[in-house]
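S.K.: I'd like to ask some things about the structure below.
We did not get these values from a lab; they are worked out from the coordinates using the rules stated. Since we're looking at a predicted model, the values are computed, not measured. Positions of Cβ are generated from backbone atoms using ideal geometry, with glycine treated the same way; all protein chains shown enter the neighbour counts.
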Amino acid sequence: MSKKLLGSKKRLGMTAGAAAGLALYALKIEPLLVEVTHTELFLPRLPAAWDGLSILFLSDPHVWEFGERERRVVALCAELEKPDLIVWGGDFLGNSRGVVPAVRLVTEIAQLFPETPAFAIWGNAEHKIRKERRAWLEALLAEVGVCTLTNESLPLTLRGATITLAGCDDPYYGHADLDATFAELTPGRFTLLLAHSPQVAALAARAGVDLMLSGHTHGGQVRFPLLGPWKTQNPLSRLLDCGTFPPTRLTKILGYDPGGELTTYISRGIGLAFVPYLPWLAPRFNCRPEVARLTLRMGFPPSPLPPPSR
């Protein structure tokens with residue numbers, strides 16, 4: 001056998017080995033590498049009393065069993081200081097049998113912070129089960145102190161200041177009724193909107209929402225270097241993938257100014273979505289699962305420092 005042929009076989013073997021290693025990492029390792037992210041959100045209309053207020057934002061757990069990932073989420077949350085507010089961004093369920101283990105996850109988080117108010121919205125996963133089963137899930141969440149908002153809003157008072165907290169049903173499957181959600185908004189009052197899919201960002205901005213918390217995209221779940229997310233399931237724009245989107249960034253992505261001063265935060269989520277028609281394939285790559293610790297700040301983000309003069 002020639003040296004050239006031997007060299008080709010060696011390179012082929014190395015390539016196959018690297019591909020197998022990447023597949024193993026994406027399928028078995030990174031999906032369990034849940035991390036806590038810490039983000040400051042600057043909001044010009046935030047009440048002064050809410051400056052520094054902390055939100056524990058958990059989205060898209062997609063629970064089908066209480067396993068290693070769920071235990072890691074609880075352990076990470078146990079290391080955090082008590083938040084002022086807990087928000088669940090929808091997609092509790094990984095399948096129809098996930099109600100009980102999903103409620104166990106919520107319960108264990110609630111027990112860590114028993115005096116912290118907690119709210120939730122539905123994602124598209126909750127509309128894959130029967131209406132009666134979804135009502136059961138809502139009742140179980142209520143038993144552990146989690147209030148589910150479904151196309152409605154309410155006044156929320158913390159630290160002596162009141163904002164409007166609004167929550168719409170899942171936009172992705174067409175269950176969101178924004179007219180109903182925004183019907184009771186108080187002009188001039190800071191508004192926080194919970195919306196599972198960020199596809200309603202332009203409508204929320206136009207309605208005068210100050211902050212929107214969303215999930216659904218999983219950050220793309222697979223992110224390629226330089227190219228970004230593989231797919232985000234966001235009809236508004238693939239570029240609304242994860243992280244913070246202040247008004248200027250949203251305007252740039254949309255290609256027009258929707259109005260208002262909306263800041264959006266999109267979580268990469270905790271759980272996994274499976275590749276269509278391949279129910280065994282649910283990778284994460286360059287997109288670790290996220291538990292978000294958000295700190296609200298009154299005002300505008302600080303300007304970047306100019307480069308040092310030479």
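S.K.: Rounded to the nearest 0.05, what FRET efficiency is calculated for Leu154 and Lys131 with R0 set to 30 Å and r the Cβ-Cβ distance?
M.R.: So, using R0 = 30 Å, E works out to roughly 0.85.
S.K.: So, one more: Could you pull out the longest piece of the chain with no exposed loop GluC sites (Glu not before Pro) in it, calling a site exposed if DSSP puts it outside H, G, I, E, B and it has at most 16 other Cβ atoms within 10 Å?
M.R.: Within the chain, the longest run free of exposed GluC sites (Glu not before Pro) spans 185-260.
S.K.: Moving on to the next point. Going by how many other beta carbons lie within 10 Å of each one, how would you line up Thr37, Thr248, Thr148, fewest first?
M.R.: By the 10 Å Cβ count, ascending: Thr248, Thr37, Thr148.
S.K.: Return the whole-Å distance between the Cα centroid of segment 81-114 and the Cα centroid of segment 134-183.
M.R.: 15
S.K.: Let me ask you something else. For Leu227, project a label point 7 Å along Cα to C-beta. Then give me every residue of segment 257-278 with its amide nitrogen under 18 Å of that point.
M.R.: Answer for this model: 275-276.
S.K.: With an 8 Å cut-off on Cα pairs and a minimum separation of 6 or more residues, tell me the relative contact order of the chain in percent.
M.R.: 25
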